[in-house]
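For reference, the structure discussed in these notes is given below.
The values are calculated or read from the model by the stated rules, or taken from the named source; none is laboratory data. Not measured: the values here are computed from a predicted model. Glycine also receives a Cβ, built like all others from the backbone with ideal geometry; neighbour counts cover every protein chain displayed. Accessible surface is based on the protein model in full, side chains and every heavy atom, while ligands, DNA and RNA are left aside. Shrake-Rupley method; radii C 1.70, N 1.55, O 1.52, S 1.80 Å.
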Amino acid sequence: MTPAAHPPAPGALRLLGRALRLRCPQCGGGRVMLGWTTVLPGCDRCGLGFTRGERGYWLGAYFLNLVAIEVVFTAWWGAVLALTWPDLPWTFLNVSTFVLMLGTPVLFHPFAHTLWLACDLLVRPAGDDDFRAPQEPPRVVRGSPRAPRA
């Protein structure tokens with residue numbers, strides 16, 4: 001792609017806002033996730049590749065997910081302790097904390113990926129090497145062995 005073909009680098013708030021909507025942080029138009037757990041290879045609209053050329057790139061997303069779990073845990077325990085002190089409901093606290101610690105990483109998973117991509121774009125703006133031509137869907141000839149069945 002030519003340098004003028006890709007969108008200019010957006011500001012920090014715009015990057016993070018787009019990431020929270022699970023959209024491409026660069027252009028805001030394309031999806032980042034296919035379903036809840038699968039990251040697409042790149043943006044269908046602007047062509048930004050989501051894995052930005054490094055092995056282990058998504059380790060930062062896992063770190064953000066871990067931070068989210070710790071923040072939820074600390075806020076939950078702090079709120080319950082503040083509201084129920086000195087008679088702590090230990091059974092309720094243990095069961096609810098267990099449920100929160102199982103649910104938070106699942107619910108936050110797609111946001112961790114898009115927020116990591118936005119943070120990376122904020123620190124290291126996209127260059128010409130990060131963009132690729134948006135891919136066309138594969139053409140399927142009717143009657144071929146790979147044609148989807150209706």
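Our estimate of slack between W58 and V95, defined as 0.36 nm per intervening residue step minus the Cα-Cα distance, is 10.2 nm. Per-peptide packing, taken as the mean over residues of other Cβ atoms within 10 Å, places 91-100, 14-23, 78-87, 61-70 in the sequence 14-23, 61-70, 91-100, 78-87 from highest down. In this structure the amide hydrogen of L48, modeled in the peptide plane, comes within under 5 Å of the amide hydrogens of C43, R132, none closer than 5 places in sequence on its chain. Taking amide H positions as modeled 1.01 Å from N, with prolines and chain starts lacking one, the residues under 5 Å from M33 and 5 or more places away or on another chain are L40. Residues in the range 1-129 average 59 Å² of solvent-accessible surface per residue, probe 1.4 Å, ligands and nucleic acids excluded.
Apolar share of the accessible surface for the range 1-97: 67 percent from carbon plus sulfur atoms, 1.4 Å probe. For the range 27-138, relative contact order (Cα pairs under 8 Å, six or more residues apart, normalised by length) works out to 37 percent.
With the cut-off at 16 Å, report for the range 1-124 the share of all Cα pairs above it, as a whole percent. When every Cα pair of the range 1-124 is considered, 66 percent fall beyond 16 Å. Other residues lying with their Cβ under 14 Å from the Cβ of Q26 contribute a combined charge of +4, Lys and Arg counting +1, Asp and Glu -1.
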